[in-house]
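Notes follow the structure.
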Amino acid sequence: MLDNESHPIPPTQQLSGTALTTLQPSLRRAKLVLGDFANTVGSFIVTHRPAPIAFVSVDADYYSSAGAALQLFDADSQAFLPRVLCYFDDILGTNSYVGELLAIDEFNAAHKAVKIAPIHGLTLTRRVPAFWNAGMHVLYFFEHRDYNRHTGDVPHFAG
(Lines give C-alpha, C1' and ligand atoms only; values in the text may rest on other atoms or scores of the structure.)
Protein backbone atom coordinates (compact mmCIF):
# COMPACT_ATOMS: atom_id res chain seq x y z
CA MET A 1 0.00 0.00 0.00
CA LEU A 2 1.25 3.47 -0.87
CA ASP A 3 1.69 6.15 1.75
CA ASN A 4 -0.44 9.24 1.15
CA GLU A 5 2.51 11.33 0.05
CA SER A 6 3.65 8.95 -2.69
CA HIS A 7 3.20 9.77 -6.31
CA PRO A 8 0.45 7.45 -7.57
CA ILE A 9 2.55 5.74 -10.25
CA PRO A 10 3.98 2.41 -9.07
CA PRO A 11 7.48 1.32 -10.13
CA THR A 12 7.47 -0.53 -13.45
CA GLN A 13 10.87 -2.18 -13.60
CA GLN A 14 13.00 -4.31 -11.34
CA LEU A 15 16.29 -6.03 -11.98
CA SER A 16 15.73 -9.70 -12.65
CA GLY A 17 17.90 -12.37 -11.06
CA THR A 18 19.58 -12.92 -14.42
CA ALA A 19 20.40 -9.23 -14.79
CA LEU A 20 21.89 -9.17 -11.29
CA THR A 21 24.10 -12.21 -11.88
CA THR A 22 25.34 -10.57 -15.09
CA LEU A 23 25.80 -7.11 -13.60
CA GLN A 24 27.53 -7.90 -10.28
CA PRO A 25 30.65 -9.62 -11.75
CA SER A 26 31.08 -6.87 -14.36
CA LEU A 27 31.54 -4.17 -11.72
CA ARG A 28 35.23 -3.40 -11.20
CA ARG A 29 35.33 -0.23 -9.14
CA ALA A 30 31.74 -0.12 -7.96
CA LYS A 31 29.66 -2.21 -5.62
CA LEU A 32 25.99 -2.93 -6.03
CA VAL A 33 24.25 -2.56 -2.66
CA LEU A 34 20.80 -4.14 -2.72
CA GLY A 35 18.09 -3.65 -0.14
CA ASP A 36 15.54 -1.27 1.28
CA PHE A 37 16.92 2.26 1.61
CA ALA A 38 15.84 2.29 5.26
CA ASN A 39 18.11 -0.72 5.92
CA THR A 40 21.15 0.19 3.79
CA VAL A 41 21.60 3.96 3.57
CA GLY A 42 22.35 4.70 7.23
CA SER A 43 25.40 2.43 7.34
CA PHE A 44 26.59 2.93 3.75
CA ILE A 45 29.41 5.43 4.44
CA VAL A 46 30.82 3.52 7.42
CA THR A 47 30.49 0.09 5.80
CA HIS A 48 31.81 0.89 2.31
CA ARG A 49 34.08 3.90 2.99
CA PRO A 50 33.74 5.40 -0.50
CA ALA A 51 35.91 8.14 -1.95
CA PRO A 52 34.31 11.57 -1.48
CA ILE A 53 30.90 11.30 -3.11
CA ALA A 54 30.33 13.68 -6.03
CA PHE A 55 27.09 12.33 -7.57
CA VAL A 56 23.99 10.59 -6.24
CA SER A 57 21.09 9.31 -8.33
CA VAL A 58 17.86 8.83 -6.41
CA ASP A 59 15.34 6.46 -8.00
CA ALA A 60 13.05 5.98 -5.04
CA ASP A 61 9.56 5.91 -6.60
CA TYR A 62 7.86 6.62 -3.24
CA TYR A 63 7.94 9.46 -0.76
CA SER A 64 8.92 7.19 2.14
CA SER A 65 11.76 5.63 0.11
CA ALA A 66 13.00 9.04 -1.02
CA GLY A 67 13.07 10.26 2.59
CA ALA A 68 15.06 7.19 3.62
CA ALA A 69 17.48 7.66 0.69
CA LEU A 70 18.16 11.28 1.66
CA GLN A 71 19.39 10.08 5.07
CA LEU A 72 22.65 9.36 3.26
CA PHE A 73 23.33 13.09 3.49
CA ASP A 74 23.20 12.97 7.30
CA ALA A 75 26.64 11.32 7.28
CA ASP A 76 29.80 13.31 7.98
CA SER A 77 30.09 15.97 5.27
CA GLN A 78 33.72 14.98 4.68
CA ALA A 79 32.41 11.82 2.97
CA PHE A 80 31.16 14.13 0.18
CA LEU A 81 32.41 16.91 -2.02
CA PRO A 82 31.13 20.30 -0.79
CA ARG A 83 28.60 20.28 -3.63
CA VAL A 84 27.12 17.00 -4.81
CA LEU A 85 25.26 16.66 -8.10
CA CYS A 86 22.02 14.77 -7.55
CA TYR A 87 19.54 13.35 -10.02
CA PHE A 88 15.95 12.67 -8.96
CA ASP A 89 14.13 10.64 -11.59
CA ASP A 90 10.60 10.71 -10.19
CA ILE A 91 9.91 14.44 -10.05
CA LEU A 92 8.65 15.10 -13.56
CA GLY A 93 4.89 15.56 -13.61
CA THR A 94 4.63 15.82 -9.81
CA ASN A 95 4.59 18.66 -7.31
CA SER A 96 6.23 19.54 -4.01
CA TYR A 97 3.40 17.96 -2.00
CA VAL A 98 4.19 14.37 -2.99
CA GLY A 99 7.03 11.97 -3.69
CA GLU A 100 10.66 12.94 -4.05
CA LEU A 101 9.94 16.69 -4.11
CA LEU A 102 8.13 16.49 -0.77
CA ALA A 103 11.04 14.48 0.67
CA ILE A 104 13.46 17.15 -0.60
CA ASP A 105 11.38 19.96 0.94
CA GLU A 106 11.26 18.14 4.28
CA PHE A 107 15.00 17.44 4.14
CA ASN A 108 15.71 21.13 3.51
CA ALA A 109 13.41 22.20 6.35
CA ALA A 110 15.19 19.83 8.76
CA HIS A 111 18.75 20.86 7.83
CA LYS A 112 20.12 24.34 8.47
CA ALA A 113 23.48 24.02 6.70
CA VAL A 114 22.77 21.31 4.12
CA LYS A 115 20.33 22.02 1.29
CA ILE A 116 19.19 20.42 -1.95
CA ALA A 117 18.20 22.78 -4.78
CA PRO A 118 17.36 22.37 -8.46
CA ILE A 119 19.78 23.64 -11.09
CA HIS A 120 17.60 26.39 -12.51
CA GLY A 121 18.13 27.05 -16.20
CA LEU A 122 20.18 23.92 -16.88
CA THR A 123 18.13 23.13 -19.99
CA LEU A 124 18.85 26.62 -21.33
CA THR A 125 22.62 26.13 -21.03
CA ARG A 126 22.79 22.77 -22.80
CA ARG A 127 23.44 22.54 -26.52
CA VAL A 128 21.03 19.60 -26.67
CA PRO A 129 18.41 19.89 -23.90
CA ALA A 130 17.15 16.60 -22.47
CA PHE A 131 14.26 15.55 -20.25
CA TRP A 132 16.61 14.56 -17.41
CA ASN A 133 17.81 18.16 -17.02
CA ALA A 134 14.75 18.90 -14.87
CA GLY A 135 15.76 16.20 -12.40
CA MET A 136 19.23 17.63 -11.74
CA HIS A 137 19.84 19.21 -8.34
CA VAL A 138 22.82 20.19 -6.22
CA LEU A 139 23.29 19.24 -2.59
CA TYR A 140 25.16 22.01 -0.77
CA PHE A 141 27.18 21.32 2.39
CA PHE A 142 27.56 24.97 3.42
CA GLU A 143 29.72 24.12 6.45
CA HIS A 144 32.01 21.69 4.59
CA ARG A 145 35.63 22.60 5.31
CA ASP A 146 36.28 22.97 1.56
CA TYR A 147 33.05 24.77 0.61
CA ASN A 148 34.80 28.08 -0.16
CA ARG A 149 37.90 26.57 -1.76
CA HIS A 150 38.38 26.17 -5.49
CA THR A 151 38.36 22.43 -6.17
CA GLY A 152 41.70 22.69 -7.97
CA ASP A 153 43.25 23.69 -4.63
CA VAL A 154 42.05 20.61 -2.78
CA PRO A 155 44.26 17.49 -3.22
CA HIS A 156 41.51 14.84 -3.10
CA PHE A 157 39.53 16.70 -5.78
CA ALA A 158 42.34 16.60 -8.33
CA GLY A 159 41.96 14.07 -11.13
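Here is how the numbers come out for the structure above:
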read-out	value
Residue ID - farthest from Y97 (Cα to Cα), chosen from residues in segment 1-34 that are at pLDDT below 65 and surrounded by 10 or more Cβ atoms within 10 Å (Cβ to Cβ)	L15
Filtered residue count, segment 107-149, keeping only those that are β-branched (V, I, T) and within 20 Å of Y63 (Cβ to Cβ)	2
Strands (runs of 3 or more DSSP E) fully within segment 66-141 counting 3 or more residues that are on the phi > 0 side of the Ramachandran plot, loosely packed, with under 14 Cβ neighbours inside 10 Å and not aliphatic (A, V, I, L, M)	none
Segment 74-100 residues that are in contact (Cβ under 8 Å) with a residue 12 or more places away in the chain, paired with ones that are of a type in the set (D, E, K, R) and assigned to a loop (DSSP other than H, G, I, E, B) (beta carbon under 6 Å, 6 or more apart)	P82/D146; D89/D59; D90/D61; V98/E5; G99/D90; E100/D90
Of residues in segment 112-121 being out of contact with any His (no Cβ under 8 Å at 6 or more places or on another chain) and in contact (Cβ under 8 Å) with a residue 12 or more places away in the chain, the one farthest from A69 (Cα to Cα)	A113
Set V56, V84: member being within 22 Å of H150 (Cβ to Cβ) and of a type outside the set (S, T, N, Q)	V84
Check on D146, without any contact (Cβ under 8 Å) to a residue 12 or more places away in the chain, acidic (D, E) and outside any strand (DSSP E or B)	no
Matching residues in segment 35-55 - criterion: being surrounded by 15 or more Cβ atoms within 10 Å (Cβ to Cβ) and in a loop (DSSP other than H, G, I, E, B)	P52
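The values are calculated or read from the model by the stated rules, or taken from the named source; none is laboratory data. Computed from a predicted model, the values in this text were never measured in an experiment. Neighbour counts run over all protein chains shown; Cβ positions are idealised from the backbone, glycine included.
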